Structures are given as structure tokens and as C-alpha cells.
Amino acid sequence: MIRREFGFSEREDYRSALVLNMIIREDFEDLLRSKIMGREVAVVGAGPSLNALKDVEEDVIVAADGATNYLVSRGIIPDVVVTDLDGIETYPDSIYVVHAHGDNISKMWKLSYMGIVLGTSQVFPFGRLKLYGGFTDGDRAVVMAMTLGAKRITTYAMDLDSDKIGMYSKPFYKNDVPMNYVKRKKLNVAKEILHTLFRKDL
Ligand SMILES: Nc1ncnc2c1ncn2[C@@H]1O[C@H](COP(=O)(O)OP(=O)(O)OP(=O)(O)O)[C@@H](O)[C@H]1O
Ligand SMILES: Nc1nc2c(c(=O)[nH]1)N=C(CO)CN2
Ligand SMILES: [Mg+2]
């Protein structure tokens, strides 16, 4: 359904998942769970408000893709990085949760800079791959933290209604850039997922 809406190819999603599963040699899910279970977790997105981020007080910091570059520039090493590989250009000593999709096979070389890596896919998970749910890196980070037993999740720079894409979203952005049609659709899906997760009457 979402795949059709965005024109993503299932075949390419499988191809990417196969490549990622081949690269990953060890299952680090227990390690990731031990970091998150029972802890207060901050999920940091790459919205325009990231530049105004104050100190993050939570026990565990999870960076969504491009937000990693900003955090590292401030000397903050995220405990976990959730990425589809097109935002990060710095590789701190974090646990990486790398998402395979049909448009990022050519970015898999970035795994050579990462130590501890878990893989996720958007096809039926096989081998060492996981499927926690969610869509964009930010909402996938929230879903993952929830699934792995976080006590509380606080989001930062998740500016899902903004008319700007944050400058840290892609390494080649020099400033915040005007929202485009596809990114708006992606952030709308993220909004939908987070609203459903945090609905009070669940
Ligand atoms: N206004 C915004 N601009 C960019 N990211 C945002 C914004 N608001 C919230 N975010 C969150 O920040 C996360 C990290 O941003 P980034 O653009 O690196 O993500 P992404 O999911 O890898 O996107 P893309 O599909 O463009 O690669 C996004 O996944 C999204 O959930
Ligand atoms: N094939 C493909 N899949 C995705 C993509 C994308 O750009 N291409 N972006 C996503 C959310 O950022 C999630 N899934
Ligand atoms: Mg990305």
C-alpha cells in the first residue's frame, strides 16, 4: 500500500535486504535491548529545530539518520543511530540500526565504517534482519525503542508539520530547504504512525 503510494519497488527492497543480511555477521539485538529496556530514551530527528537543541537529559540518545552529524558536531555521541544511510556522513562509536530499502543499495559501503550493526528491512524479515515497524528513520527509532522496552520516549527536532526540511537531513544541504512533495508525504506517514502509537485511548 505505502510502497504503491511512493512507487517503491518490492523487488529492489528484497535485493537491498539480501545485501544487508549478507554484510551483517552477528545479531546484536540483545545488546541493543539491554541499552534501551527500562530506560528514558531521547529520539533526535533532523527537523529545523535541531540547531536549537538544548542539553538532552535522557539516559539514552537515539539519533535519526542526519541528526547524527549535528550531534557529533556538538560532541554528543549518540548511543544508537537509526539510519537509511543517506543522511549520515560521520560514524561515531554507536550502535547502528541500518534500514535496507530499494534506494540505498549503493550506500551500503557506509557499513564498513560501523562497528555494531543491526539490520532492518521493509520486506518480510529473514536471516539476521529485524522488522520493528515504522517508516522514516525518526518514527522507526520511536517504534524500535518502544518495542525494546523503553520506559519513556521523548522526541526532539521531530518537526513533522514544518514547511522546511532540516539542513542536517542530507549532507549536501547547506541550510534548511523548502519542503518537497515526497518528503511531505513521508513526514505525513511518520505523523500518522506516531499519532497511532501515542493515542491516549489505546
Ligand atoms: N522537518 C523535518 N525535516 C527533516 N527531518 C524531519 C523533520 N521533521 C522530523 N524529521 C525526522 O527526522 C528524521 C531524520 O531526518 P532524515 O531526513 O535524515 O531522515 P530519513 O528518514 O532518512 O529521510 P529520507 O527518506 O529523506 O532519507 C526523519 O526520519 C524524520 O522522522
Ligand atoms: N525504497 C525506498 N524505501 C523507503 C524510502 C525510500 O526513499 N525508498 N524512504 C523511507 C523513509 O524515509 C522508507 N522507505
Ligand atoms: Mg535518510
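The values are calculated or read from the model by the stated rules, or taken from the named source; none is laboratory data. As the structure is a computational prediction, the values presented were derived from the model and not from experiment. In this analysis, Cβ positions are derived from the backbone assuming ideal geometry, glycine residues included, and neighbour counts consider all displayed protein chains. The area values use the complete protein model at the heavy-atom level, side chains included, leaving out ligands, DNA and RNA. Shrake-Rupley method; radii C 1.70, N 1.55, O 1.52, S 1.80 Å.
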Original post:
Lys/Arg Cβ at +1, Asp/Glu Cβ at -1, dipole of segment 2-197 taken about the Cα centre: which of 7, 158, 45 is farthest positive-ward?
Top reply: 7
Original post:
Over what distance in Å are the Cα centres of segment 1-61 and segment 111-169 separated?
Top reply: 2
Original post:
How long is segment 35-107 along each principal axis, judged by its Cα atoms, biggest number first, in Å?
Top reply: 36, 29, 20
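Ratio of segment 2-197's C-alpha Rg to 2.2 N^0.38 Å, to two decimals? Could you put the intermediate results ahead of the total?
Details: Rg = 15.4 Å, N = 196, 2.2 N^0.38 = 16.3 Å.
So the Cα radius of gyration is 0.94 times the expected 2.2 N^0.38 Å.
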Original post:
What are the ³J(HN,Hα) values, in whole Hz, obtained from phi via the Karplus relation 6.51 cos²θ - 1.76 cosθ + 1.60 with θ = phi - 60°, for each residue of segment 137-153 in sequence order, with x given for Gly and Pro?
Top reply: 4, x, 6, 5, 5, 5, 4, 4, 4, 5, 4, 8, x, 4, 6, 8, 10
Subject >> Kirkwood hydrodynamic radius (C-alpha pairs) into Stokes-Einstein, segment 140-193, 10 °C and 1.306 mPa s, D in µm²/s >> reply: 126
**OP:** Just add up the charged neighbours of residue 82: K/R +1, D/E -1, any other residue whose Cβ is under 12 Å from the Cβ of residue 82.
**Re:** -3
**OP:** List the lysines whose Cα lies under 19 Å from the Cα of residue 151, skipping any in the same chain that are fewer than 8 positions away.
**Re:** 35, 200
Subject >> Sites matching trypsin sites (Lys or Arg not before Pro) across segment 32-67 that sit in DSSP coil, with at most 12 neighbouring C-beta atoms within 10 Å >> reply: 54
Subject >> Under-5 Å amide H pairs with residue 176, H placed in peptide plane, nonlocal only >> reply: 167
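Take every DSSP beta bridge with both residues inside the chain and express the antiparallel ones as a percent of the total, to the nearest 5. Before the final figure, lay out the partial values.
On the way: 2 of 26 bridges.
The answer is about 10 percent antiparallel.
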Subject >> Amide H contacts of residue 154 (H built 1.01 Å from N, under 5 Å, at least 5 apart or other chain) >> reply: 41, 42, 43
Subject >> 3J(HN,Hα) from dihedral phi, segment 184-190, Karplus parametrisation 6.51/-1.76/1.60, rounded to Hz, x for glycine, proline >> reply: 4, 5, 5, 5, 5, 5, 4
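With a 1.4 Å probe and every protein chain left in place, work out the accessible area per residue of the chain in Å², rounded to a whole number. The partial results should precede the final answer.
On the way: 10270 Å² over 202 residues.
Computed with neighbouring chains in place, this is 51 Å² per residue.
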Original post:
Straight-line reach from residue 170: which lysines have Cα under 19 Å away, leaving out those fewer than 8 places along the same chain?
Top reply: 107, 110, 183, 185, 186
